[in-house]
Each structure stands twice: as structure tokens, then as C-alpha cells.
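The values are calculated or read from the model by the stated rules, or taken from the named source; none is laboratory data. Predicted model, so just to flag it, every value in this text is computed and none were measured. Every residue, glycine among them, receives a Cβ derived from its backbone with ideal geometry; neighbour counts consider all protein chains shown. Quick note on the areas: whole protein, heavy atoms, side chains included, nothing else; ligands and nucleic acids left out. Shrake-Rupley method; radii C 1.70, N 1.55, O 1.52, S 1.80 Å.
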Amino acid sequence: MSVFPTARSSVKKSELPIGIFDSGVGGLTVVRQIHRVLPHENLVYLGDTARVPYGTKSPSTVVRFACEDLQFLLQQNVKAVVVACNTVSAWAMPALQRKFDLPIFGVIIPGACAALESSRNQRIGVIGTSATIRSQAYSKAILARCDTAQVFPRACPLLVPLVEEAWNGHPITLRVLREYLLPLLRHRIDTLVLGCTHYPLLKEAIRKVTKGKIALIDSAESCALDVKERLAALKLLSANRKTRGTIQPFVTDEVERFDELAARFLGQKTEPAWKIDLMAVN
């Protein structure tokens, strides 16, 4: 099943869509940023809502799921793939880059680079899912680029369900954020990496807790700029400058809930989501 032209058609490769995937709806924050910086590109989004969350899965399971997600996007004739899931970016990027022959972008390295550019005292906090923090991917990426930096990671597993319940500014959310962030603030961090795609929706609440004194690094923003720069270098940016690109979502479960959350995560409507069975298409 494909809603876009095949690579064998007369469509130039640069005019094919960009594929983006995540374990659920959180990756729509990455879609939003890519659509902002590349408004004329067609985007195909896969949310594996049947198997969410990936953040509690083992590394081998994350790699297997990621390969299945990317294989589906290949069937949509995409020219490049963005791994919008921090957990997949942390655990599966080497395996994906070995297995698939197309440009693949993650969120970890752009976020790490943005954190180093922002920080003045090189004391950087990272919040994310348990799996992302356990992988030490952000710490390794930051320290590989600046061995004098100090990284203070913190797993924050309660934040995703709070965001999906739309409790972004709820007093309970603020209390949970204080519990998670106060130990990092005691380490005198001046920069905080939002290492999960749900967390950009908590920026306002985080600023309240930190009194606006900490620079917040949205890895979705950093990733989108990286995608634009690297696709331009590969001459894969669309030449279309007349019409806005479309956003076609696919999900593996809960279409109605996805459509409801998508409007909030994206700030705009998408094409109706299509439900697919990854077992049937892989």
C-alpha cells in the first residue's frame, strides 16, 4: 500500500516525501518543526500506536520495531527517513544505517550539538524516557564533542502520560516536574535537553519550575534544521515553492485518539490517519 508515486515513475527523487516515525504521537512535534522549516515538502508520518511506548522496551525489541517501521516507510517511496523517537535514535541508529540505503536522521546528535552551543558553563541536564537515559546516548554524544562538559541525566517516565492527558499546566504536572528537575538544578545546570518528543509541550511548565533561568533545548527543532541542511547538501530538497506540503499520517492502532492528539501536537489539521498492520506489510 502506497499513497505516493513509486520510485520507478517519472517523479524526481527530490520530489518524493520525507518519512518520519515514532512509537506514538510524540513524534508529531518533530513533524511540526520539519513542516515549519520545510513547508513545501510532503511528509509521511508513522506512529506505532499499537506498541507504544518504546521507552520501556529492551534494546533488541526497539531495533526490531524500528526496522519494521522504516520498512513500511520505504513502501511509501520516501526519499529520506527521520527517526523522531529518542529511544530509537538512542538504540537503533547504527542498525538502521547498516540495513537501509537512504538518508536516515535522528534527534540525538542535533540535540547534543545545540546543547553545547547554548551552554555557557558546560553543565547540561538531560531528561528523557527510562530507555533513552539508560542508553547514555545524549551523554556520549555531548562528551564526544566536548570532553570537559558535565552531563546530568534524569529519567522522567511520568511526563508522557501527563502530556497525553493534556495536563501540561496542571498543578500535579508542576509538582512532578519539580521532583524531577530540582536535583538537576542543584547541579547548577544552565541548559536542559528535552530528550523526548512529548516534552516540548511542557516548555511553559518547565520554565515556571526553573524560573526561566535554564535554556531549553528542543531536539525536534535541532533535528528539523539538521534535516534541512543535509537534504540541501544531498540535493534532495523539493523544488516545489508554490504549494504547501501535505502531512499524511499512518497509525497501527487508535485512529480516533491519534486524530484528537494530532491537532494539539501539530497545531493544525493533517490528512485523516490511515490504520495499518505492520505485520501484514513487512
*Listed residues Glu229, Glu165; which is within 23 Å of Thr87 (Cβ to Cβ) and of a type in the set (D, E, K, R)?*
Glu165
*For Leu185, work out the one condition from (1) assigned to a helix (DSSP H, G or I); (2) under 30 Å from Ala80 (Cβ atoms); (3) open to solvent by 30 Å² or more (accessible area, probe 1.4 Å) it doesn't fulfil.*
(2)
*Hey, does segment 239-261 have a residue that's modelled with pLDDT of 95 or more and open to solvent by 80 Å² or more (accessible area, probe 1.4 Å)?*
no
_All but one of (1) buried (at least 23 other Cβ atoms within 10 Å of the Cβ); (2) of a type in the set (A, V, I, L, M, F, W, C); (3) touching a strand residue (DSSP E or B) at 6+ places or on another chain (Cβ under 7 Å) hold for Ala114; state the number of the condition that does not hold._
(1)
*Complete set of residues in segment 188-204 that are open to solvent by less than 10 Å² (accessible area, probe 1.4 Å) and assigned to a helix (DSSP H, G or I)*: Tyr199, Leu202
*Could you count how many residues in segment 127-143 are under 16 Å from the mean Cα position of the chain (by Cα), within 22 Å of Ala215 (Cβ to Cβ) and either open to solvent by less than 10 Å² (accessible area, probe 1.4 Å) or of a type in the set (Asp, Glu) (or both)?*
4
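Can you tell me how many residues within segment 151-175 are over 27 Å from Gln122 (Cβ atoms) and either open to solvent by 40 Å² or more (accessible area, probe 1.4 Å) or in a helix (DSSP H, G or I) (or both)? Break it down stepwise before answering.
Let us first name the residues in segment 151-175 that are over 27 Å from Gln122 (Cβ atoms), namely 157-158, 160-175.
Then drop every residue that is not either open to solvent by 40 Å² or more (accessible area, probe 1.4 Å) or in a helix (DSSP H, G or I) (or both), which leaves 157-158, 160-167, 169-175.
Total satisfying the criteria: 17.
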*asked:* Would you confirm whether or not segment 213-232 contains a residue that is on the phi > 0 side of the Ramachandran plot and either touching a Ser or Thr at 6+ places or on another chain (Cβ under 6 Å) or of a type outside the set (A, V, I, L, M) (or both)?
replied: no
